[in-house]
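The values are calculated or read from the model by the stated rules, or taken from the named source; none is laboratory data. For clarity, every value in this text was computed on a predicted model and none was experimentally measured. Every residue, glycine among them, receives a Cβ derived from its backbone with ideal geometry; neighbour counts consider all protein chains shown. Keep in mind that these areas ignore ligands, DNA and RNA; they rest on the heavy atoms of the full protein, side chains included. Shrake-Rupley method; radii C 1.70, N 1.55, O 1.52, S 1.80 Å.
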Amino acid sequence: NAGVTQTPKFQVLKTGQSMTLQCAQDMNHEYMSWYRQDPGMGLRLIHYSVGAGITDQGEVPNGYNVSRSTTEDFPLRLLSAAPSQTSVYFCASSYLDRLNYGYTFGSGTRLTVV
Amino acid sequence: AQTVTQSQPEMSVQEAETVTLSCTYDTSESDYYLFWYKQPPSRQMILVIRQEAYKQQNATENRFSVNFQKAAKSFSLKISDSQLGDAAMYFCAYRTALQGGSEKLVFGKGTKLTVNP
(Lines give C-alpha, C1' and ligand atoms only; values in the text may rest on other atoms or scores of the structure.)
Protein backbone atom coordinates (compact mmCIF):
# COMPACT_ATOMS: atom_id res chain seq x y z
CA ASN A 1 0.00 0.00 0.00
CA ALA A 2 1.24 3.47 -0.86
CA GLY A 3 -0.65 5.17 1.99
CA VAL A 4 -1.22 8.88 1.38
CA THR A 5 0.45 10.34 -1.69
CA GLN A 6 0.87 14.08 -2.12
CA THR A 7 2.11 15.87 -5.21
CA PRO A 8 4.06 17.99 -5.82
CA LYS A 9 6.64 17.94 -3.01
CA PHE A 10 7.81 21.48 -3.74
CA GLN A 11 6.21 24.37 -5.61
CA VAL A 12 6.96 28.04 -6.19
CA LEU A 13 4.11 30.27 -7.30
CA LYS A 14 3.82 33.89 -8.18
CA THR A 15 1.25 36.00 -6.38
CA GLY A 16 -2.12 35.65 -8.09
CA GLN A 17 -1.43 32.31 -9.71
CA SER A 18 -3.65 29.32 -9.04
CA MET A 19 -2.71 25.72 -8.52
CA THR A 20 -3.98 22.40 -7.20
CA LEU A 21 -2.25 20.26 -4.62
CA GLN A 22 -3.06 16.62 -5.17
CA CYS A 23 -3.75 14.04 -2.47
CA ALA A 24 -4.61 10.39 -2.96
CA GLN A 25 -4.99 7.52 -0.51
CA ASP A 26 -5.41 3.80 -1.15
CA MET A 27 -6.58 2.70 2.30
CA ASN A 28 -10.30 3.27 1.72
CA HIS A 29 -10.35 5.90 4.45
CA GLU A 30 -13.61 7.80 4.72
CA TYR A 31 -11.99 10.86 6.23
CA MET A 32 -9.51 13.11 4.44
CA SER A 33 -8.19 16.51 5.40
CA TRP A 34 -5.74 19.26 4.60
CA TYR A 35 -3.52 20.96 7.18
CA ARG A 36 -1.02 23.74 6.87
CA GLN A 37 2.09 23.94 9.03
CA ASP A 38 3.71 27.26 9.82
CA PRO A 39 6.67 27.86 12.15
CA GLY A 40 5.54 28.17 15.76
CA MET A 41 1.90 27.49 14.83
CA GLY A 42 1.66 23.71 14.78
CA LEU A 43 -0.70 22.23 12.21
CA ARG A 44 -3.96 23.96 11.45
CA LEU A 45 -6.93 22.42 9.66
CA ILE A 46 -7.92 23.98 6.33
CA HIS A 47 -10.70 21.73 4.99
CA TYR A 48 -11.87 18.20 5.57
CA SER A 49 -14.19 15.57 4.13
CA VAL A 50 -16.01 12.66 5.75
CA GLY A 51 -16.87 10.99 2.45
CA ALA A 52 -17.30 11.48 -1.27
CA GLY A 53 -19.40 14.56 -1.98
CA ILE A 54 -19.08 15.89 1.59
CA THR A 55 -16.66 18.65 2.56
CA ASP A 56 -16.48 21.18 5.36
CA GLN A 57 -14.31 24.07 6.48
CA GLY A 58 -11.68 23.86 9.12
CA GLU A 59 -9.89 26.55 11.08
CA VAL A 60 -8.22 28.45 8.20
CA PRO A 61 -10.26 27.90 5.01
CA ASN A 62 -10.00 31.31 3.33
CA GLY A 63 -8.30 31.24 -0.06
CA TYR A 64 -8.68 27.48 -0.50
CA ASN A 65 -11.24 25.25 -2.17
CA VAL A 66 -11.73 21.51 -2.00
CA SER A 67 -13.93 18.87 -3.56
CA ARG A 68 -14.23 15.13 -3.08
CA SER A 69 -15.64 13.26 -6.03
CA THR A 70 -14.10 9.90 -5.08
CA THR A 71 -13.10 8.19 -1.84
CA GLU A 72 -9.46 8.16 -2.93
CA ASP A 73 -8.80 11.76 -3.95
CA PHE A 74 -9.02 15.07 -2.15
CA PRO A 75 -7.39 17.95 -4.07
CA LEU A 76 -6.75 21.36 -2.53
CA ARG A 77 -7.08 24.37 -4.83
CA LEU A 78 -5.44 27.72 -4.26
CA LEU A 79 -7.56 30.19 -6.21
CA SER A 80 -5.25 33.21 -6.23
CA ALA A 81 -2.01 32.58 -4.36
CA ALA A 82 -0.85 35.10 -1.78
CA PRO A 83 2.46 35.28 0.14
CA SER A 84 0.52 34.46 3.32
CA GLN A 85 -0.12 31.02 1.84
CA THR A 86 3.56 30.18 1.90
CA SER A 87 3.58 27.10 4.09
CA VAL A 88 3.98 23.36 4.25
CA TYR A 89 0.76 21.53 3.41
CA PHE A 90 -0.15 18.09 4.66
CA CYS A 91 -2.90 15.80 3.55
CA ALA A 92 -4.10 13.28 6.14
CA SER A 93 -6.66 10.49 6.14
CA SER A 94 -8.32 8.18 8.62
CA TYR A 95 -11.07 5.69 9.22
CA LEU A 96 -14.07 7.27 10.93
CA ASP A 97 -14.87 4.22 13.02
CA ARG A 98 -11.34 3.59 14.33
CA LEU A 99 -10.64 6.87 16.04
CA ASN A 100 -7.80 5.52 18.14
CA TYR A 101 -5.76 4.86 14.97
CA GLY A 102 -4.94 8.52 14.52
CA TYR A 103 -4.32 9.93 11.07
CA THR A 104 -2.03 8.83 8.26
CA PHE A 105 -0.15 11.75 6.75
CA GLY A 106 1.31 12.38 3.35
CA SER A 107 4.89 13.59 3.04
CA GLY A 108 3.89 17.22 2.63
CA THR A 109 4.14 19.95 -0.01
CA ARG A 110 6.37 22.94 0.58
CA LEU A 111 4.74 25.90 -1.17
CA THR A 112 6.41 29.26 -1.62
CA VAL A 113 4.47 32.21 -2.98
CA VAL A 114 6.61 35.10 -4.20
CA ALA B 1 -13.35 24.19 21.43
CA GLN B 2 -10.47 21.97 22.40
CA THR B 3 -6.97 23.39 22.74
CA VAL B 4 -3.60 21.72 23.12
CA THR B 5 -0.64 23.46 24.75
CA GLN B 6 3.01 22.46 24.57
CA SER B 7 4.85 24.82 26.87
CA GLN B 8 8.38 23.84 25.86
CA PRO B 9 9.29 25.17 22.39
CA GLU B 10 12.70 23.48 22.61
CA MET B 11 14.28 20.75 24.69
CA SER B 12 17.64 19.04 24.64
CA VAL B 13 18.90 15.75 26.04
CA GLN B 14 22.14 13.84 26.13
CA GLU B 15 22.29 10.60 24.22
CA ALA B 16 21.21 7.64 26.41
CA GLU B 17 19.48 9.94 28.91
CA THR B 18 15.75 10.36 29.55
CA VAL B 19 13.66 13.37 28.57
CA THR B 20 10.04 14.30 29.19
CA LEU B 21 8.00 16.51 26.87
CA SER B 22 4.97 18.25 28.34
CA CYS B 23 1.48 18.60 26.92
CA THR B 24 -1.72 19.91 28.44
CA TYR B 25 -5.11 20.15 26.82
CA ASP B 26 -8.45 21.70 27.47
CA THR B 27 -11.72 19.93 26.77
CA SER B 28 -15.17 19.45 28.25
CA GLU B 29 -15.46 15.96 26.76
CA SER B 30 -15.00 12.81 28.79
CA ASP B 31 -14.04 10.49 25.95
CA TYR B 32 -11.25 11.31 23.51
CA TYR B 33 -7.91 10.19 22.15
CA LEU B 34 -4.47 11.67 22.56
CA PHE B 35 -1.46 11.21 20.32
CA TRP B 36 2.17 12.12 20.05
CA TYR B 37 3.55 12.59 16.56
CA LYS B 38 7.21 12.87 15.61
CA GLN B 39 8.35 15.02 12.69
CA PRO B 40 12.01 14.49 11.75
CA PRO B 41 13.81 16.76 9.27
CA SER B 42 12.34 14.62 6.47
CA ARG B 43 9.03 16.36 7.31
CA GLN B 44 7.10 13.09 7.54
CA MET B 45 4.57 12.94 10.39
CA ILE B 46 5.07 9.70 12.31
CA LEU B 47 2.70 8.43 14.99
CA VAL B 48 4.72 7.66 18.11
CA ILE B 49 2.13 6.67 20.68
CA ARG B 50 -1.60 6.88 21.38
CA GLN B 51 -3.75 6.95 24.51
CA GLU B 52 -7.45 6.34 24.90
CA ALA B 53 -8.94 8.60 27.59
CA TYR B 54 -11.07 5.79 29.04
CA LYS B 55 -7.96 3.72 29.77
CA GLN B 56 -6.27 4.43 33.07
CA GLN B 57 -3.13 2.53 32.11
CA ASN B 58 -0.44 4.64 30.52
CA ALA B 59 0.52 3.66 26.99
CA THR B 60 4.02 2.37 26.26
CA GLU B 61 5.80 1.75 22.96
CA ASN B 62 9.34 0.49 23.43
CA ARG B 63 11.40 3.47 24.69
CA PHE B 64 8.40 5.82 24.55
CA SER B 65 5.84 6.09 27.31
CA VAL B 66 3.25 8.59 28.43
CA ASN B 67 2.09 9.94 31.74
CA PHE B 68 -1.64 10.51 31.27
CA GLN B 69 -3.29 12.49 34.05
CA LYS B 70 -6.93 12.84 33.01
CA ALA B 71 -8.06 15.03 35.88
CA ALA B 72 -5.16 17.41 35.34
CA LYS B 73 -5.61 17.21 31.53
CA SER B 74 -1.95 16.42 31.13
CA PHE B 75 -0.31 14.07 28.63
CA SER B 76 3.48 14.05 28.79
CA LEU B 77 5.82 11.94 26.66
CA LYS B 78 8.86 10.26 28.17
CA ILE B 79 11.68 9.11 25.92
CA SER B 80 14.10 6.73 27.60
CA ASP B 81 17.63 5.92 26.43
CA SER B 82 17.50 8.80 23.94
CA GLN B 83 19.06 8.16 20.56
CA LEU B 84 20.34 10.55 17.91
CA GLY B 85 17.45 9.47 15.69
CA ASP B 86 14.98 10.80 18.24
CA ALA B 87 15.91 14.37 17.30
CA ALA B 88 12.78 15.88 15.77
CA MET B 89 9.76 18.09 16.33
CA TYR B 90 7.21 16.42 18.55
CA PHE B 91 3.54 17.31 18.39
CA CYS B 92 0.85 16.47 20.88
CA ALA B 93 -2.62 16.04 19.38
CA TYR B 94 -6.21 15.59 20.55
CA ARG B 95 -9.03 13.79 18.78
CA THR B 96 -12.63 13.77 19.90
CA ALA B 97 -14.38 10.42 20.38
CA LEU B 98 -17.75 11.90 19.46
CA GLN B 99 -19.17 10.35 16.32
CA GLY B 100 -20.70 12.79 13.87
CA GLY B 101 -19.04 15.81 15.42
CA SER B 102 -16.42 18.06 13.91
CA GLU B 103 -13.77 15.52 13.06
CA LYS B 104 -10.21 16.78 13.33
CA LEU B 105 -6.91 16.47 15.13
CA VAL B 106 -6.11 19.48 17.28
CA PHE B 107 -2.35 20.00 17.51
CA GLY B 108 -0.08 21.76 19.92
CA LYS B 109 2.59 24.05 18.52
CA GLY B 110 5.31 21.46 18.93
CA THR B 111 8.52 20.89 20.87
CA LYS B 112 11.84 20.71 19.07
CA LEU B 113 13.99 18.00 20.63
CA THR B 114 17.74 18.05 20.18
CA VAL B 115 19.80 14.99 21.13
CA ASN B 116 23.42 15.71 21.98
CA PRO B 117 26.07 13.02 21.44
- From the list A:G102, A:G108, A:G58, A:G63, pick out the single residue that is farther than 26 Å from B:A1 by Cα and either touching a Phe, Trp or Tyr at 6+ places or on another chain (Cβ under 8 Å) or open to solvent by less than 50 Å² (accessible area, probe 1.4 Å) (or both). A:G108
- Message: Take A:E72 and tell me if it is at the interface with another protein chain (Cβ under 10 Å from one of its Cβ atoms) and open to solvent by 10 Å² or more (accessible area, probe 1.4 Å).
- Response: no
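Is it the case that A:Y64 is of a type outside the set (V, I, T) and within 13 Å of chain B (Cβ to nearest Cβ)?
Numbers: of a type outside the set (V, I, T): yes; within 13 Å of chain B (Cβ to nearest Cβ): no.
In short, no.
So which residues in region A:75-86 are among the small types (G, A, S) and open to solvent by 10 Å² or more (accessible area, probe 1.4 Å)?
Step one: list which residues in region A:75-86 are among the small types (G, A, S), which gives A:80-82, A:84.
Residues satisfying the conditions are A:S80, A:A82, A:S84.
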- Message: Being within 12 Å of chain B (Cβ to nearest Cβ) and open to solvent by 50 Å² or more (accessible area, probe 1.4 Å): is that true of A:I46 here?
- Response: no
- Enumeration of residues in region B:23-47 that are free of Cβ contacts under 8 Å to residues at least 60 places away in the same chain and either of a type in the set (K, R) or not in a strand (DSSP E or B) (or both): B:S28, B:S30, B:K38, B:P40, B:P41, B:S42, B:R43, B:Q44, B:M45
- Query: Before we move on, is A:G63 under 25 Å from B:A97 (Cα atoms) and out of contact with any Pro (no Cβ under 9 Å at 6 or more places or on another chain)?
  - Reply: no
- Item | region B:1-40: number of residues that are open to solvent by 80 Å² or more (accessible area, probe 1.4 Å) and within 12 Å of chain A (Cβ to nearest Cβ) | 3
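Output the strands (runs of 3 or more DSSP E) that fall wholly within region B:50-107 and possess 1 or more residues being at pLDDT below 95 and either more than 9 Å from every other protein chain (Cβ to nearest Cβ) or open to solvent by less than 20 Å² (accessible area, probe 1.4 Å) (or both), or say none. Quick ask: steps written out before the conclusion?
Working: elements: B:64-69, B:74-79, B:88-96, B:105-107.
Correct list: B:88-96, B:105-107.
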